[in-house]
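Below you'll find the structure, written out as structure tokens, and then a few comments.
The values are calculated or read from the model by the stated rules, or taken from the named source; none is laboratory data. Here the structure is a predicted model, which is why all the values come from computation and not from measurement. Cβ: placed from backbone, ideal geometry, glycine included. Neighbour counts: every protein chain shown. Only protein heavy atoms, including side chains, enter the accessible area calculation; ligands, DNA and RNA are left aside. Shrake-Rupley method; radii C 1.70, N 1.55, O 1.52, S 1.80 Å.
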Amino acid sequence: MSGTVALDDLVSWIRAFRDTVQQHKDELTQLDSAIGDADHGSNMARGLDAVVARLDPLPASPTDLFKTVGMTLVSSVGGASGPLYGTLFLRMGPALSEGEVDATTLGAALRAGVEGVVARGKAELGDKTMIDALSPAVDAWDTAAAAGATPADAARAAAEAAARGRDATEPLVARKGRASYLGERSAGHLDPGATSATMLLEALRDTLAAAE
Ligand code: ADP
Ligand code: MG
């Protein structure tokens, strides 16, 4: 691949995200047991299994794909993360309704998705949520795309930024979601949602690198 991303690649991304979450389900649940209610791994794994079950037959377009992914997550995942990840994908779809998907349009779609998560969850950077991984990731994506990066290279930069954002959640005190009930005791643990959000970007990085 060079400059454009095919529908097949986007479907592979979602499948790869499911596979990664399945592989790390216990780790995500472990993180959520430290500062939440120990269901983030099982929530995400169940939701993504339901998503993958709906990818055959193949959606007709990127817009259809992300609509299916988003609606399935909203309806099948309990907890905060279902509606939030659902919103991310539901907002991505319309941003990809015209023309080819390239680094700029995929970056714009990711940004629309992350803005949807912010609008729904009201989390700001530093609140120790998935936003701490997602927000720097879309910024890094846009910087790379503006400099002429391929989608694969933009995804590399975004995944790195997400991982740094995830790691930076460890010392933070949570200000949103269940972890915020713990107050100061939420410090000293990685945020589960920032960890799964990094897996989302890493799945995209790996999928686009394989398609290159
Ligand atoms: P629940 O907290 O309802 O059990 P999960 O355990 O599946 O749901 O997901 C927890 C994750 O959701 C947190 O680690 C955090 O990243 C994310 N999260 C919670 N509330 C918000 C919010 N308001 N905005 C953004 N992300 C949030
Ligand atoms: Mg939980």
Residue count, the range 194-209 (criterion: away from ligand 1 (no atom under 16 Å from the Cβ) and either without any contact (Cβ under 8 Å) to a residue 12 or more places away in the chain or open to solvent by less than 30 Å² (accessible area, probe 1.4 Å) (or both)): 4
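The rows are residues; the columns are (1) of a type in the set (S, T, N, Q); (2) open to solvent by less than 30 Å² (accessible area, probe 1.4 Å); (3) under 17 Å from residue 88 (Cβ atoms).
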site	(1), (2), (3)
20	yes, no, yes
26	no, no, no
34	no, no, no
44	no, yes, yes
51	no, yes, yes
Positions within the range 148-179 being more than 14 Å from residue 34 (Cβ to Cβ), small (Gly, Ala, Ser) and either part of a helix (DSSP H, G or I) or near ligand 1 (Cβ under 10 Å from one of its atoms) (or both), in sequence order: 152, 154, 155, 157, 158, 159, 161, 162, 163, 165, 168
Looking only at residues in the range 81-91 that are within 16 Å of ligand 2 (Cβ to nearest atom) and surrounded by 21 or more Cβ atoms within 10 Å (Cβ to Cβ), which one is farthest from residue 114 (Cα to Cα)? 81
Scanning the range 175-198 for residues that are within 13 Å of ligand 2 (Cβ to nearest atom) and charged (D, E, K, R), the one farthest from residue 161 (Cα to Cα) turns out to be 178
Out of all the residues in the range 193-212, is one or more under 19 Å from the mean Cα position of the chain (by Cα) and outside any helix (DSSP H, G or I)? no
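Within the range 145-188, which residues are over 20 Å from residue 109 (Cβ atoms) and crowded, with 19+ Cβ neighbours inside 10 Å?
163, 166, 169, 172, 174, 177, 179, 186
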On the basis of being open to solvent by 20 Å² or more (accessible area, probe 1.4 Å), in a helix (DSSP H, G or I), modelled with pLDDT of 95 or more and not basic (Lys, Arg), does residue 142 make the cut? yes
In this structure, does residue 123 turn out to be modelled with pLDDT of 95 or more and closer than 26 Å to residue 45 by Cα? yes
Pairs with Cβ under 7 Å, 6+ apart, first in the range 34-58 and of a type in the set (Lys, Arg) and away from ligand 2 (no atom under 16 Å from the Cβ), second open to solvent by 10 Å² or more (accessible area, probe 1.4 Å) and not in a helix (DSSP H, G or I): none
May I ask you to say which residue of 108, 103 is within 18 Å of the chain's Cα centre (by Cα) and open to solvent by 30 Å² or more (accessible area, probe 1.4 Å)? 108
Inside the range 1-34, can you point out the residues that are more than 18 Å from the chain's Cα centre (by Cα) and either of a type in the set (Ser, Thr, Tyr) or modelled with pLDDT under 95 (or both)? 1, 2, 3, 4, 33
In this structure, is residue 78 surrounded by fewer than 18 Cβ atoms within 10 Å (Cβ to Cβ), over 24 Å from residue 150 (Cα atoms) and modelled with pLDDT under 95? yes
